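All remarks here apply to the structure that follows.
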Amino acid sequence: MEIIKKDIRALSKEQLREFFVAQGDQEFRGNQVYEWLWNKGAHKFEDMTNISKQTRQMLEDHFVINHIEVDQMQRSNDGTIKNAVRLHDGLIVESVLIPTKKRTTACVSSQVGCSLDCKFCATSRLKRMRNLNPDEIFDQVVAIDKESRLYFNKPLTNIVFMGMGEPLMNYNNVLKAIDKITSPEGLGMSPKRIVVSTSGVPKMIKKMADDDVKFGLAVSLHSAIDDVRTSIMPFNATFPLADLREALEYWYAKTKNLITYEYVVWDGINDSKKDVEALIQFCKFAPSKVNLIEYNPIDDGQFQQADNAALDMYISMLEANNITVTVRRSRGKDIDAACGQLANKS
Ligand code: SAH
């Protein structure tokens, strides 16, 4: 009979400690192994050099360490790096390293494919295959940190959950990954440097508030008018703007954190004055920042970036209402690494 070995990174620290006690060893051995797994990013038991050979063999007999492999790395002429990452079962996701003078940001995936159906997003054309495990999210971060040190001589500074998938539809695993990334026994990064981006799942936004999470929230809004939003993000019919707004009010009341909105302005879709007025009405209840993202074409021209006059109208009207606006230029377009372009093409 073939014994199916368990992935050791599915165990909590407590479970690891209990395992060693059950083996007649000491609890602290569990701490040592935990540190190898989550602080030093070990992918092999044989790398755990302060653990005896015999114990390493015993671990080998019981467990595997499933881990990702960077299958292909592409570098853009603006410095952006895209990793195609192979998971232990052969599926592929993508993550992106975005360098700027001051920061290195990792854009990580939370699911293989995506179950949402945003019309303008390349990932939506891959159906959702499965959720990523906490270690698979964690490994993407470690891989990008290594690349940042190697190519830019500095560690990773920020993480955004803006790769493939809807993080709030894999909430538990995203939370566990963030716990390992932020805890002192893990990578020790500040949660303030992490942003989770969602298309807006009201129930889960409330759950995040209840869980008292310390990372930031970004909402991919793109329109504050239900009909328009439903036409480009059909799941809005299930999670309409009134519910989203109520959840965000709840979030703000609990966390007092600024809310970031991601927003693309498209020609003929959301480029009129009434679109901006609706956006202002939607977000002015709390300190907000609107990130105007450049559209990255993915198709035959159904969507086109609005002209500068429309963008200027957004900027001046939002600013007149004390809403912070930033205009985000795309990075890594030449290697299909920009927002909404992740589709396992190469
Ligand atoms: N599902 C989550 C995480 C993905 S983040 C979310 O929707 O927030 C990816 C971001 O890129 C989202 O803000 C999304 O709306 C945006 N996006 C998708 N396709 C795009 C495209 N073709 N051009 C520019 N931005 C796009």
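The values are calculated or read from the model by the stated rules, or taken from the named source; none is laboratory data. Predicted, not measured: the structure shown is a model, and the values here were computed from it. Ideal geometry is used to build each Cβ from the backbone, glycine not excepted, and the neighbour counts take in all protein chains shown. These accessible areas exclude ligands, DNA and RNA; they are computed on the full protein's heavy atoms, side chains included. Shrake-Rupley method; radii C 1.70, N 1.55, O 1.52, S 1.80 Å.
Taking label positions 7 Å along the Cα-Cβ direction at both E294 and N153, the computed distance is 2.8 nm, reported to one decimal.
Please flag any cysteine in the chain that has no other cysteine's Cβ under 4.7 angstrom from its own Cβ. Isolated Cys, the chain: C107, C114, C283, C339. Here's the picture: charge each Lys and Arg Cβ at +1 and each Asp and Glu Cβ at -1 in the chain, and of G332, P191, V85 the one pushed furthest to the positive end of that dipole is P191. Exposure check, 1.4 Å probe, all protein chains in place: T230 carries approximately 50 Å² of accessible surface. Taking the alpha carbon gyration tensor of the chain, multiplying each eigenvalue by 5 and rooting it gives semi-axes of 39, 21, 18 Å, largest first.
Beta-bridge orientation, the chain: approximately 45 percent antiparallel, per DSSP, counting only bridges with both partners inside.
Secondary-structure-derived ellipticity at 222 nm for the chain, considering helices only, amounts to -10500 deg cm²/dmol, per-run term -39500 (n - 2.57) for DSSP H runs with n ≥ 4.
By the gyration tensor of its Cα atoms, with a ≥ b ≥ c the square roots of the eigenvalues, what is the shape of region 8-65: rounded for a/c under 1.5, prolate for a/b over b/c, or oblate? Cα axes put region 8-65 in the rounded bin. Three semi-axes describe the equivalent ellipsoid of region 132-218; taken as square roots of 5 times the Cα gyration tensor eigenvalues and ordered largest first, they are 23, 13, 12 Å. Counting 0.36 nm for each residue step from D227 to A242 and taking away their Cα separation leaves a gain of 4.2 nm. Across region 217-272, counting alpha-carbon atoms alone, Rg and Dmax equal 12.1, 37 Å. Length available on full extension from K203 to D267: 0.36 nm per residue minus the Cα-Cα distance, which gives 19.9 nm. Taking the chain as the reference, fit the longest principal axis to its C-alpha atoms, fit the long axis of helix 241-255 to the helix C-alpha atoms, and give the angle between the two in degrees, 0 to 90, nearest 10. Compared with the principal axis, the helix lies near 60 degrees. Under a 5 Å amide H cut-off, with hydrogens placed 1.01 Å from N, D7 pairs with V64 among residues at least 5 apart or on other chains. Surface calculation, 1.4 Å probe, protein heavy atoms: F285 sits at approximately 60 Å² accessible. Taking amide H as placed 1.01 Å from N in the peptide plane, the amide H of Y261 sits under 5 Å from that of V219, K289, V290, N291, each at least 5 places away or on another chain. Diffusion coefficient of region 216-346 by Stokes-Einstein, Kirkwood radius over Cα pairs, 25 °C, 0.890 mPa s: 159 µm²/s. Here the spin labels are modelled as points 7 Å beyond Cα on the Cα-Cβ line, and at K256 and D71 they lie 4.7 nm apart. Expressed in units of 2.2 N^0.38 Å, where N is the residue count, the Cα radius of gyration of region 158-268 is 1.10. For region 9-164, the gyration tensor built on C-alpha atoms gives a prolate shape. Its axis ratio a/c (a ≥ b ≥ c) is at least 1.5, and a/b is the larger of a/b and b/c. Taking label points 7 Å from Cα along the Cα-to-Cβ direction, D7 and A22 give a separation of 1.9 nm.
Taking only protein heavy atoms and a 1.4 Å probe, the accessible area of the chain is 49% carbon and sulfur. How much accessible area does K214 have with a 1.4 Å probe, in Å² rounded to the nearest 10? Near enough 120 Å² of accessible area. For region 117-131, putting each phi into the Karplus relation 6.51 cos²θ - 1.76 cosθ + 1.60 with θ = phi - 60° gives couplings of 10, 4, 5, 9, 10, 5, 5, 5, 7, 9, 6, 5, 8, 6, 6 Hz, in residue order, rounded to whole numbers and with x for Gly and Pro.
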